[in-house]
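> So that we are looking at the same thing, I have put the structure below in structure tokens.
The values are calculated or read from the model by the stated rules, or taken from the named source; none is laboratory data. The model shown is predicted, which means the values in this text are computed figures rather than measured ones. For neighbour counting, all protein chains shown are included, and Cβ atoms are generated from backbone atoms with ideal geometry for every residue, glycine included. Please note that ligands, DNA and RNA were not included when accessible areas were found on the heavy atoms of the full protein model with its side chains. Shrake-Rupley method; radii C 1.70, N 1.55, O 1.52, S 1.80 Å.
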Amino acid sequence: MAGTKSLFVPGPTNVPDDIRRAIDVPMEDHRAPDLPRFTLPLFADLKKIFKTETGQVFLFPASGTGGWEAAITNTLNPGDKVLAARFGQFSHLWIDLCQRLGLDIQVVECDWGTGVPVSVFANILAADTQHKIKAVLATQNETATGVQSDIAALRTAMDAVGHPALLYVDGVSSIGSVDFRMDEWGVDLAVSGSQKGFMLPAGLAIMAASQRALEASKTASMHRCYFDFKDMIATNATGYFPYTPPMTLLRGLRASVDRMLGEGLDNIFARHNFLAEGVRRAVAAWGLEICAKGPEWYSDTVTAIVVPEGFDANAVIGRAYHNYGLSLGAGLSVVAGKVFRIGHLGDLNELMLMSAIAGAEMAMRDEGLSVEAGSGVAAAQEFYRLNQRVSAIAAQ
Ligand SMILES: *Cc1c(COP(=O)(O)O)cnc(C)c1O
């Protein structure tokens, strides 16, 4: 096709040109004597993205799922009790991973469209007076349903009942896109991946561990080898890796971190909120609902849009792709066929996002949904026009 395809799945996200160029370099020696001049500042700057001074950053050649496995196997023992909630496909897959790794996981089932049930967790933790629960798992942004959870509130609740469990946060589709404060929120293991807010191809698990997590890793007895923190800690200290690192992705990550720190984290978070709000206005103008069951759950990185009874969301996605070269995110598992998703994270601005809103609107009309032509587009246009973020352009 002429022109470009439009990628609006919530990961992989668009890779900006400067990052693409940073990746397109000749292969280099990963044991070169001057490599630490590159890697050590990269580790230091990544800590700024996680907002941790006391934690340690890890980069594994893997996707986000590998980061989960690293977080769990480095810090827990077989049969340990952990607490998690299921409210979407990613929180579900994390639970599945824990079960398959042999943990005793207590699952709180929640409505898809809600998020981490802080008060339910607080009651469970308060009742656990013997502190059998070793870990609390929280998916900050449930990408399947477009639900954002309140990690600060979870930390407050854990502190209020004085429970010492480690706090694990899946921030794969949130870290670097929406507010995340590892130290302030007392997060012990934070997991992200390269292909979402970091605007890179998939292939890097980007994570951070607190000092408490590192302490736990010294005695944790789950099997691990490739993902062992110990080998990483020993080699990273001098700026190297225990095995061949994906140097091209690391060069890309350098460009990505420069971009993020250049824009400023607060500006990035404000931009994501602004872009997301335009999408929500469009959905309201279409007369449709979003999967998130209330504003407290709204995600600023992805919106899941519920199609009316009798229509197939996958057919809308098919039309969008075949008729307009637009990739929308599919509904997963419980919400398959019921929702389609617009990813709005990473390297995006309002006019780029308008193409997804327009394309989704056209595809829904092609499928016979009764959405008025131009209604969502107009609502988003007016929101973006009347609430312009002058600083966004001026800053570039
Ligand atoms: C994408 C995603 C994952 C899985 O990451 P992979 O990189 O596909 O392994 C996990 N959790 C959340 C919240 C995600 O959005």
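> How much of the DSSP beta bridge set in the chain is antiparallel, as a percent to the nearest 5?
50
> Which order do the peptides 215-223, 167-175, 70-78 take when ranked by the mean count of other beta-carbon atoms within 10 Å per residue, highest first?
167-175, 70-78, 215-223
> Continuing with the same structure: Do the sum for the chain: with -39,500 (n - 2.57) for every DSSP H run of n ≥ 4, divided by all residues, what is the mean residue ellipticity at 222 nm, to the nearest 500 deg cm²/dmol?
-13000 deg cm²/dmol
> Summing Lys, Arg as +1 and Asp, Glu as -1, what charge do residues with Cβ under 13 Å from the Cβ of GLY294 carry, GLY294 excluded?
-2
> In whole percent, and with a 1.4 Å probe on the protein chains, what portion of the accessible area of segment 154-229 is carbon and sulfur?
56
> For all pairs of alpha-carbon atoms in the chain, what percent lies in each bin of width 10 Å, listed from the first bin to the last filled one?
So the P(r) values, bin by bin, are 5, 23, 31, 25, 13, 3, 0.
> Right, next: Helix 247-263 sits at what angle to the longest principal axis of the chain, using alpha carbons and giving 0 to 90 degrees rounded to 10?
Tilt of helix 247-263: around 70 degrees.
> Let me ask something else about it. Heads up, I need the accessible area for TRP297: 1.4 angstrom probe, whole protein in place, Å², nearest 10.
50
> With a 10 Å radius around each residue's Cβ, average the other Cβ atoms per peptide and rank 301-310, 1-10, highest first.
301-310, 1-10
> Ranked highest first by the average count of other Cβ atoms within 10 Å around their residues, in what order do 30-39, 240-249 fall?
240-249, 30-39
> Given a 1.4 Å probe and the protein chains all in place, what does the accessible area of CYS98 round to, in Å² to the nearest 10?
Accessible area, nearest 10 Å²: 0 Å².
> Using only the alpha carbons of segment 16-130, what is the convex hull's orientation-averaged projected area in square nanometres?
It is 11.2 nm².
> Right, another one. How far is helix 36-50 tilted, in degrees, relative to the longest principal axis of the Cα atoms in the chain, given as a value from 0 to 90 rounded to the nearest 10?
The helix 36-50 is inclined about 60 degrees to the chain.
> Using alpha carbons only, how many degrees (0 to 90, rounded to 10) separate the axis of helix 375-386 from the longest principal axis of the chain?
Its long axis makes an angle of about 70 degrees.
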